[in-house]
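A.B. asks: Supplied in structure tokens, the structure appears directly below.
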Amino acid sequence: MHHVKVNDLAKNIVQKIIDHKDLYGAEVHTLQNGATLLSMKNASWEGGKLVGEICMGGLGNVEFSTYTLDTYFLPSVNVYTSFPIISCMASQLAGWSIKIKKEVEKDGEMKKKTIFQSLGSGPARAKSRVEKLFNEIEYQDDSNCAVLVFETPKLPNEEVMELVAEKCKVDVSDTYAVCAPTACLTGSIQVAARIVETGIHKLHEIHFPLEVIQDGYGTVPVAPVAKDDFAAMGPPNDAMFAVGQTFYTIKADKEKEAELFELLQKAPASTSSSYGQPFNVIFKESEYDFYKIDPGLFAPAIYTVNNIKTGKTITVGKQDERLLKESFGLK
């Protein structure tokens, strides 16, 4: 799979959006240095789906389905990939922290002011390889372009895209930024589309060997659009913690299976010490400090793992529809 170029694949999806921007509800901007920006704040359902697939470097599929909770009818996404480590860990994970500061004068002193800050996800991460995670991932992409997704209402400027180009070793005119805030339809869809990636990231955190994972499938409700970005932080995460379901195939020797299945017991969100309340409540009680929240919370509710080498399957975790109702405000 090392010959597959995730940035080229993602660029094909970007170009599809550009060619049909009115259909997908996209706004396309070209900066003075030639970088291309796509604002997906007002994108359609299909536009949001395509953003999710861009995040996965064109190696994953996002499809819409439904989830019924008592009398409530909710949209959901089904996400699947046969290249889980590349599409999720090397591309979709929001792991590249990009910050641009400039010096400004205040009270007679020169001080640094942050003019842009956002986590970047998408295949440009596999080009830049600036994260420690890439010490563990052998995959390298030799595309001549770089595609990055920002979960922010503020579009990046020329300086941001110059930085992306520099780190990815491509011409700035071959850089593409896809942007959407959390509090919009695209925001809700693309976060839900991370269900498989969130599951794998938690497996990585508990030292489950990623190399045995062959395929990934996940399903989770799409959170209702919130009134602002802060309010929108919680519900998409709560949907994963409460009712998100994942299915992975692994290829492991029989002698290792019991050990892996035992390790899997630590994976579901409900095993976290921070689990039990809506995320926005937890965040507030943690004085808005992410470091006070147990990172083990960020996981799907349920994992099912099928070892294709032995044919055995295990399911761990539980669904918590009470938590989902509270988070989504369903009375």
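The values are calculated or read from the model by the stated rules, or taken from the named source; none is laboratory data. Note that this is a predicted model, so its numbers are computed, not measured. No Cβ is skipped: glycine too gets one built from the backbone with ideal geometry, and neighbour counts run over all protein chains shown.
A.B. asks: Would you be able to say whether some residue in segment 251-265 is farther than 25 Å from SER65 by Cα and touching a helix residue (DSSP H, G or I) at 6+ places or on another chain (Cβ under 7 Å)?
C.D. replies: Yes.
A.B. asks: To continue, here is another question. From the list ILE85, ILE100, which one is at pLDDT 95 or above and farther than 22 Å from ILE189 by Cβ?
C.D. replies: Result of the check over ILE85, ILE100: ILE85.
A.B. asks: While we're on this one: If we scan segment 278-289, do we find a residue that is among the polar types (S, T, N, Q), crowded, with 20+ Cβ neighbours inside 10 Å, in contact (Cβ under 8 Å) with a residue 24 or more places away in the chain and closer than 20 Å to GLY187 by Cα?
C.D. replies: The answer is no, given that none of the residues of segment 278-289 is among the polar types (S, T, N, Q), crowded, with 20+ Cβ neighbours inside 10 Å, in contact (Cβ under 8 Å) with a residue 24 or more places away in the chain and closer than 20 Å to GLY187 by Cα.
A.B. asks: Related question: Within segment 310-321, count every residue that is at negative phi and without any contact (Cβ under 8 Å) to a residue 40 or more places away in the chain.
C.D. replies: 2
A.B. asks: Out of all the residues in segment 253-288, which are touching a Lys or Arg at 6+ places or on another chain (Cβ under 6 Å) and not in a helix (DSSP H, G or I)?
C.D. replies: Of everything in segment 253-288, those that are touching a Lys or Arg at 6+ places or on another chain (Cβ under 6 Å) and not in a helix (DSSP H, G or I) turn out to be ALA267, SER286.
A.B. asks: Further, regarding this structure: Scan (1) closer than 17 Å to SER121 by Cβ; (2) at pLDDT below 95 for the single condition TYR72 breaks and write down its number.
C.D. replies: In the conditions (1) closer than 17 Å to SER121 by Cβ; (2) at pLDDT below 95, TYR72 misses (1) alone.
A.B. asks: If a residue must be among the hydrophobic types (A, V, I, L, M, F, W, C), within 20 Å of VAL77 (Cβ to Cβ) and without any contact (Cβ under 8 Å) to a residue 60 or more places away in the chain, how many such residues does segment 24-54 contain?
C.D. replies: The total comes to 2.
A.B. asks: Now a separate question. Restrict the check to segment 305-325 and report whether at least one residue is modelled with pLDDT of 95 or more, touching a Gly at 6+ places or on another chain (Cβ under 6 Å) and not aliphatic (A, V, I, L, M).
C.D. replies: No, because not a single residue in segment 305-325 is modelled with pLDDT of 95 or more, touching a Gly at 6+ places or on another chain (Cβ under 6 Å) and not aliphatic (A, V, I, L, M).
A.B. asks: Which of the following residues is more than 19 Å from the chain's Cα centre (by Cα), of a type in the set (A, V, I, L, M, F, W, C), crowded, with 18+ Cβ neighbours inside 10 Å and within 22 Å of ASN12 (Cβ to Cβ): VAL160, VAL170?
C.D. replies: Selected residue: VAL170, the only one of VAL160, VAL170 that is more than 19 Å from the chain's Cα centre (by Cα), of a type in the set (A, V, I, L, M, F, W, C), crowded, with 18+ Cβ neighbours inside 10 Å and within 22 Å of ASN12 (Cβ to Cβ).
A.B. asks: What is the one condition in (1) surrounded by fewer than 19 Cβ atoms within 10 Å (Cβ to Cβ); (2) in contact with a Ser or Thr (Cβ under 6 Å, 6 or more places away or on another chain); (3) touching a residue at least 24 places away in the same chain (Cβ under 8 Å) that GLY60 does not satisfy?
C.D. replies: Exception for GLY60: condition (1).
A.B. asks: Determine whether segment 89-110 contains at least one residue that is more than 16 Å from LEU203 (Cα to Cα), among the polar types (S, T, N, Q) and surrounded by 21 or more Cβ atoms within 10 Å (Cβ to Cβ).
C.D. replies: Checking segment 89-110: at least one residue is more than 16 Å from LEU203 (Cα to Cα), among the polar types (S, T, N, Q) and surrounded by 21 or more Cβ atoms within 10 Å (Cβ to Cβ).
A.B. asks: Which members of segment 1-40 meet the condition of being over 10 Å from TYR176 (Cα atoms), of a type in the set (S, T, N, Q), within 23 Å of the chain's Cα centre (by Cα) and not in a helix (DSSP H, G or I)?
C.D. replies: Answer for segment 1-40, where residues must be over 10 Å from TYR176 (Cα atoms), of a type in the set (S, T, N, Q), within 23 Å of the chain's Cα centre (by Cα) and not in a helix (DSSP H, G or I): just SER39.
A.B. asks: Quick one: how many residues across segment 249-265 are charged (D, E, K, R) and either at positive phi or in contact with a Pro (Cβ under 9 Å, 6 or more places away or on another chain) (or both)?
C.D. replies: So the count comes out to 1.
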